[in-house]
Amino acid sequence: MFPYTLSERTRAFRDVLYTMWICNYIGHMGEHSTISKPCSLQGWGQKRISIGDYTCIQSHGVLGCWERYGEQRFSPSLTIGNHCSIGEYNHITVCNKITIGDGLLTGRFVYIGDNSHGGLSIEEATVPPAERKLYSKGEIVIGNNVWIGDKATILAGVHIGDNVIIGANSVITKDVPSNTMVAGAPARMIKSLN
């Protein structure tokens, strides 16, 4: 048996090698940033992804930057700031624009997506979801020093201010002002931070 600390050092070394490999497919990878193995890059728009300095994307992340989906063509932009820590199994998907500020911390299984499969018409409902067109209701902007709890969902067209806390399992459908705590599905303000 080998000690746990050796296991952690081995994992850290593996993540450095994996980051060196995967950053060849990403538009910009900041200094001292890491992506843990495995990470799924989807949508043919990897070169439109920009990751800041000292940012960590933990294992099993999905970064979908959709330049193409079926016959559709997009000009997506995904920007992740400095000193961010994005938890395991996070899924970020963009066909329009997602901008994440500095100091983001997320739990596990967080979903941030500016698009959906199809609209709300009966004609589209008769088409299998994976074959429907992608639609975006607008860009997502997440401010600085935001903390997003486990299994939260951030939907299209939402602007989240600085220093916001988002409770676990929350669904964000509207803008969130700076210096607040929100929770629920759909999320509502719980308190103002003093």
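Each of Phe13, Phe109, Phe2, Phe74 has some number of other Cβ atoms within 10 Å of its Cβ, and from fewest to most they run Phe2, Phe13, Phe109, Phe74. Using only alpha carbon pairs under 8 Å that are at least six residues apart, calculate the relative contact order of segment 67-138 and give it in whole percent. So the answer I get is 30 percent. Averaging the sequence gap over all C-alpha pairs within less than 8 Å and six or more residues apart, then dividing by the number of residues, gives segment 7-83 a relative contact order of 28 percent.
Computed from the C-beta positions of Thr5 and Thr173 and an R0 of 41 Å, the FRET efficiency is 0.40 to the nearest 0.05. Here is how the number arises for the chain: DSSP H runs of 4 or more residues each give -39500 (n - 2.57), the sum is divided by the residue count, and the result at 222 nm is -3500 deg cm²/dmol. For a straight C-alpha distance cut-off of 18 angstrom, the aspartates and glutamates reachable from Lys137 (same-chain residues fewer than eight places away being disregarded) are Glu67, Asp114, Glu124, Asp175.
Listed from fewest to most Cβ neighbours within 10 Å, the set Met29, Met1, Met189 follows the order Met1, Met189, Met29.
Taking 19 Å as the straight-line reach from the Cα of Lys151, the lysines in range (excluding those fewer than 8 positions away in the same chain) are Lys174.
Projected label points at Trp21 and Ala185, each 7 Å from Cα along the beta carbon direction, are separated by 3.6 nanometres.
Once C-alpha pairs closer than 8 Å and six or more residues apart are averaged by separation and normalised to the residue number of the chain, the relative contact order reads 12 percent.
Within segment 4-192, the proportion of Cα pairs with more than 27 Å between them is 29 percent. Based on every Cα atom in segment 1-48, Rg and the maximum pairwise Cα distance Dmax equal 13.2, 44 Å.
Extension gain, Ser50 to Val62: 0.36 nm times the residue separation minus the Cα-Cα distance gives 2.9 nm.
Bear in mind that the values in this text are calculations on the coordinates, not laboratory data. Keep in mind it's a predicted model, so treat the numbers as computed, not measured. Cβ coordinates were reconstructed from backbone atoms using ideal geometry, including for glycine residues, and neighbour counts include every protein chain displayed.
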